[in-house]
Amino acid sequence: MRRFLPLLAVFACSACTPIIVERPGPPAPPPPPVVYEQPPPIVHAPPPAGRHDDDRRDLRGQDDRAGRGIDAAIDRAFRELLERAPDPEGRAHYEDLLRHGLTEEQMRDRIRESEEYRVTLPDSKTTRAYRAVLGRDPDPSGMQSYRKKIVDQHWSERDVENDLRRSAEYRNRSKNQPPPAQNPPRDRGDRPGPPSGH
């Protein structure tokens, strides 16, 4: 019997011990979200010029416009200074120079220094004027004089012709030439006569 007493005491004590029942309270708030440090956004550099299709198209358009402007400048210079269209070699030569920084006025200066501008073209104008007005080719002194006037004073072929018409040679030639033939008067039979009374 003594043997069971401590055990009963344990049971008795455990039976007397109050049981604490916990009532559920409000739910605990969720933990804050974990914020990771974001890397800086990746900024893509624009594609290099000429790599993108649109860029190539724009550059081609600029090249086309520049090419047309260069061609027009060459055409104008040749027609105004040399009175002809540019030959393929001359066009290619000046096109290359203009693309590498030569200005249109510098191109014109180079054309003005050419033998064609200073000798060939003035001589052909002078020869044509002499043949039209005096009926002969120019002598060396006349060729040299008019060449200088055409190049330095910008005389035209008509200016040369007008100057030759003021010369003594032209006046003497005009006096010695017979007057142009007049149309002979028509016979009376060709003219309509008065109506006859018959």
Nearest-20 debye value, the stretch 115-176 charge dipole, Cβ charges on Lys, Arg, Asp, Glu: 360 debye
Value in Å of the Kirkwood radius, where the stretch 115-176 supplies the Cα pairs that are averaged: 11.5 Å
Unit charges on C-beta of K, R, D, E only; dipole of the stretch 68-126, Debye: 140 debye
Net length gained if the chain between Ala72 and Asp152 were fully extended (0.36 nm per residue, minus Cα distance): 26.2 nm
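No value in this document is a laboratory result; all are computed from the given coordinates. Predicted model only: the values in this text are computed from it and were never measured. Don't worry about glycine lacking a Cβ; one is built from the backbone with ideal geometry, like all the others, and counts go over all protein chains shown.
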